[in-house]
Amino acid sequence: MEPLNKENGGWDVARCWLSALEETARDFHGTRPRAFCERGYEHVTVRWFQLLEEQYGISVPKASSVKEAVENHIAVGVRAGLFRDASQFELTQVNPHRLELRVIECTYRSPCQGLLDAGCTISDLTCARIGCFRASAEMLAGIPCRYEVTRFGSDGVCDGYIEHR
């Protein structure tokens with residue numbers, strides 16, 4: 001157990017809200033609440049980018065590919081303090097239509113572990129990180145995409161992909 005850090009209070013509440021919303025999506029949509037969660041990831045990505053622009057003058061550049069959009073999201077996330085640094089993510093361009101991602105030290109691993117412990121499968125998992133990156137690809141590059149989680153590690157290292165629809 002770690003000591004309470006009041007500086008992380010806002011972040012802790014945000015993680016609780018995200019987990020609660022995803023749990024609520026599962027309450028109403030069973031083990032596959034993907035459409036609900038994807039729409040939530042789209043809304044939060046739009047609102048976060050707007051907040052950064054309006055309150056801090058930080059804009060997220062448009063992109064010409066899924067990979068560039070995700071890289072722009074990560075760069076702004078590091079600058080704004082959402083991510084510690086870009087090394088938390090590994091991006092591999094498989095082909096022009098598919099980007100594979102590795103999320104290292106994911107802060108959302110507890111809810112995913114709970115779902116897997118309750119009998120869900122990897123394909124049932126939604127992922128706030130990869131889901132928001134997918135939303136960024138659609139917003140910044142205008143490319144309609146889908147995403148999947150392909151591996152969950154209890155150590156916080158997870159894999160997935162984003163690809164053109």
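The values are calculated or read from the model by the stated rules, or taken from the named source; none is laboratory data. In this text, all values refer to a predicted model and were calculated from it rather than measured experimentally. Here the Cβ is made from the backbone with ideal geometry for all residues, glycine too, and neighbour counts use every protein chain on show. Quick note on the areas: whole protein, heavy atoms, side chains included, nothing else; ligands and nucleic acids left out. Shrake-Rupley method; radii C 1.70, N 1.55, O 1.52, S 1.80 Å.
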### Message
For the stretch 1-33, which positions are over 23 Å from L82 (Cα atoms), of a type in the set (D, E, K, R), modelled with pLDDT of 75 or more and touching a helix residue (DSSP H, G or I) at 6+ places or on another chain (Cβ under 9 Å)?
### Response
R26
### Task
May I ask you to verify whether R151 is more than 20 Å from H43 (Cα to Cα), part of a helix (DSSP H, G or I), open to solvent by 40 Å² or more (accessible area, probe 1.4 Å) and at pLDDT 90 or above?
no
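Residue-by-condition table, conditions (1) small (G, A, S); (2) under 22 Å from W17 (Cα atoms):
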| position | (1), (2) |
| --- | --- |
| Q88 | no, no |
| P96 | no, no |
| L125 | no, yes |
| R129 | no, yes |
| C132 | no, yes |
| S136 | yes, yes |
| R151 | no, no |
#### Entry: Complete set of residues in the stretch 87-100 that are under 18 Å from the mean Cα position of the chain (by Cα) and surrounded by 14 or more Cβ atoms within 10 Å (Cβ to Cβ)
Q88, F89, L91, R98, L99, E100
### Single residue of the stretch 101-125 satisfying the filter (part of a loop (DSSP other than H, G, I, E, B), open to solvent by less than 50 Å² (accessible area, probe 1.4 Å) and without any contact (Cβ under 8 Å) to a residue 60 or more places away in the chain) that is farthest from C158 (Cα to Cα)
L125
### Cross-chain or 6+ apart pairs with Cβ under 7 Å, the stretch 17-30 first and touching a residue at least 12 places away in the same chain (Cβ under 8 Å), then hydrophobic (A, V, I, L, M, F, W, C)
L18/A128; E22/C37; A25/F36; A25/C37
### Task
Among the residues of the stretch 27-45, write down those that are surrounded by 14 or more Cβ atoms within 10 Å (Cβ to Cβ) and of a type in the set (A, V, I, L, M, F, W, C).
F36, C37, V44
### Task
Mind listing whichever residues of the stretch 33-87 are under 11 Å from L140 (Cα atoms), touching a residue at least 60 places away in the same chain (Cβ under 8 Å) and assigned to a helix (DSSP H, G or I)?
T45, V46, F49, V66, E68, A69, V70, N72, H73
### Message
Checking the structure you have, find out if any residue of the stretch 71-86 is in contact with a Ser or Thr (Cβ under 8 Å, 6 or more places away or on another chain) and surrounded by 15 or more Cβ atoms within 10 Å (Cβ to Cβ).
### Response
yes
